[in-house]
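The values are calculated or read from the model by the stated rules, or taken from the named source; none is laboratory data. The structure presented is a predicted model; accordingly, all values stated were derived computationally and were not measured. Glycine gets a Cβ as well: all are built from the backbone with ideal geometry, and neighbour counts include every protein chain shown.
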């Protein structure tokens, strides 16, 4: 019974892959820029989960430290992204991705 | 106990030489911060000039610092950074690009009335990122450097924030860029899982020890997505024309050369780690697609910025041809190509920047009609850059293409070479179209001709001299590129493996 509850690296990887796919699908199908941003964050969290799981597998703290870097970077990216979104909103009064259509062909 | 413990700690601390090995990055960061701090203290008019001069001084100081960096080759910061001929080459290239971009921004800032502080600071910070990318040998650091350069360019792309087009281009660049970075990171995580390390040399060691695990293939493919986005290679090129059209013209000159060169540098390091043949077909397809899609789409463009964007996709394809070729010859061809492309493309964009005028009004092909008569010197300069982009002999573009295709032929990539040569023939058409517009048509519009300011003249002169120098005397740069390509092989066990690797590589030709 106890061995069945044991969580292996593979479990983490499957969860990570699921999060990654959810994120990719979110980016590709959602129309609201804020939700697209959240989906990208979801992919980054999948990466973090993978890194920490692999770190446990190989021993050492490389993966954990890398994950902390990614979290920091995600914060910076979100700040810049929302700033850009506000600049865009001031011009077009929308956060819908379908309206991002001034530049094409 | 703590006293006995101390010397050990001191030994693991970074040594003085470590700091010299990132001196260009330190200098550029410091100058970027000086620009930001001074900006609110100066009024807008005088501020633009002074801050521009400080930023230019920063870039030149960065070039000087690169000379000091070149004196202390080796690794620094616990094998995170390697200073070798390769990283010195790319440092000089990207910092010189930054200097030229700053010079060609002078006039633009005044005409567009952009606040100068953040603009110049972000160019310098972006340069820190791209410079760091070329010397990083640790995936963590490569990621950080990639993000420093990306986030700076996201903001720079949207700098004309009252223009809807600029804000939109920035948003597109940001969304697709961070999406691509997420793929890159997922690849890095899988690579860490496959080899247990994030250091490029250690990864190489682990992968050479046995058959390459499937996880590593997936990892490299995902990393290629992220880097392919950065270099605007098809099928990850969709953002390029939109972003280039909306972003400020001098920034497009920067984005299309510096981060591209640095991403190619990272790709080269990664390609050396993984056996090239592992991702050979991925690169082959990306190269063929980029060249063809870029050139065919450029055919139908009326906007010059968009046209140059598609041309930049095509040029990324030519560089990838060299990637598909075997390591040694291909590497030096890539290095030469990025340098030649930077010179001619920056020059072309500097002319486009000046000619577009306030609000970037004159950017369609029609506007270029009669430019040969109204401002002959400017038209002649642009003509030389365009001829170089075609690949006419005596210009840098010719030897760049020549080395790429000869490397491909030597590596027996006949089909890819044929596609490439056909494409450069097709590509000649749309560059010539601009030249024909300038010289053989009468102007139908009243377009004001503004005198070229000194800063722009200097920028154009630098690009022109570089383009012609690479076209007339390519020997020295190519020799340097070949020498540093030899050092690029990961030093798994110094001396023995690297010379053995060189030997086998030359044998295959």
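Odds and ends about this structure:
Conditions (1) under 30 Å from residue A:85 (Cβ atoms); (2) surrounded by 20 or more Cβ atoms within 10 Å (Cβ to Cβ); (3) modelled with pLDDT of 90 or more, marked per residue:
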position: B:170; (1), (2), (3): yes, yes, yes
position: B:174; (1), (2), (3): yes, yes, yes
position: B:194; (1), (2), (3): no, yes, yes
position: B:213; (1), (2), (3): no, no, no
position: B:233; (1), (2), (3): yes, yes, yes
position: B:244; (1), (2), (3): yes, yes, yes
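- Set B:100, B:92, B:128: member being away from chain A (no Cβ under 14 Å), surrounded by fewer than 24 Cβ atoms within 10 Å (Cβ to Cβ) and modelled with pLDDT of 95 or more: B:92
- Taken over segment B:53-80, the criterion of being in contact (Cβ under 8 Å) with a residue 60 or more places away in the chain and crowded, with 17+ Cβ neighbours inside 10 Å is satisfied by B:54, B:55, B:58, B:59, B:62, B:75, B:76, B:80.
- Elements of type helices (runs of 4 or more DSSP H) contained in segment B:329-416, each with 2 or more residues being within 15 Å of residue B:468 (Cβ to Cβ) and either free of Cβ contacts under 8 Å to residues at least 60 places away in the same chain or touching a strand residue (DSSP E or B) at 6+ places or on another chain (Cβ under 6 Å) (or both): B:376-390
- Sole residue being within 14 Å of another protein chain (Cβ to nearest Cβ), at pLDDT below 90 and out of contact with any strand residue (DSSP E or B) (no Cβ under 6 Å at 6 or more places or on another chain), chosen from B:147, B:118: B:118
- On inspection, residue B:279 qualifies as closer than 30 Å to residue B:211 by Cα and either touching a helix residue (DSSP H, G or I) at 6+ places or on another chain (Cβ under 8 Å) or not in a helix (DSSP H, G or I) (or both).
- Screening segment B:292-317 for residues that are part of a loop (DSSP other than H, G, I, E, B) and touching a residue at least 24 places away in the same chain (Cβ under 8 Å) and picking the one that is surrounded by the fewest Cβ atoms within 10 Å (Cβ to Cβ) gives B:302.
- Checking every residue in segment B:180-188 against the condition of being surrounded by 21 or more Cβ atoms within 10 Å (Cβ to Cβ), within 7 Å of chain A (Cβ to nearest Cβ), modelled with pLDDT of 90 or more and in a loop (DSSP other than H, G, I, E, B) gives zero matches.
- Taking chain A and the helices (runs of 4 or more DSSP H) fully enclosed by it, the elements with 1 or more residues that are more than 19 Å from residue B:164 (Cα to Cα) and at the interface with chain B (Cβ under 9 Å from one of its Cβ atoms) are at A:9-29, A:33-58, A:62-92.
- Here the condition is being in a helix (DSSP H, G or I) and at the interface with chain A (Cβ under 9 Å from one of its Cβ atoms); of B:224, B:192, it holds for B:192 alone.
- Annotation note: Cβ proximity below 9 Å between a residue of segment B:83-94 that is on the phi > 0 side of the Ramachandran plot and touching a residue at least 60 places away in the same chain (Cβ under 8 Å) and a residue that is surrounded by fewer than 24 Cβ atoms within 10 Å (Cβ to Cβ) and in a strand (DSSP E or B) (sequence gap 6+ or interchain) occurs for no pair.
- Selection count where residues are over 23 Å from residue A:70 (Cα atoms) and facing chain A (nearest Cβ under 7 Å), scope segment B:150-176: 7
- Residues in segment B:195-210 that are in contact with a strand residue (DSSP E or B) (Cβ under 8 Å, 6 or more places away or on another chain) and more than 12 Å from every other protein chain (Cβ to nearest Cβ): B:200 alone.
- Residue B:50 vs. criteria in contact (Cβ under 8 Å) with a residue 12 or more places away in the chain, surrounded by fewer than 24 Cβ atoms within 10 Å (Cβ to Cβ) and out of contact with any helix residue (DSSP H, G or I) (no Cβ under 7 Å at 6 or more places or on another chain): yes
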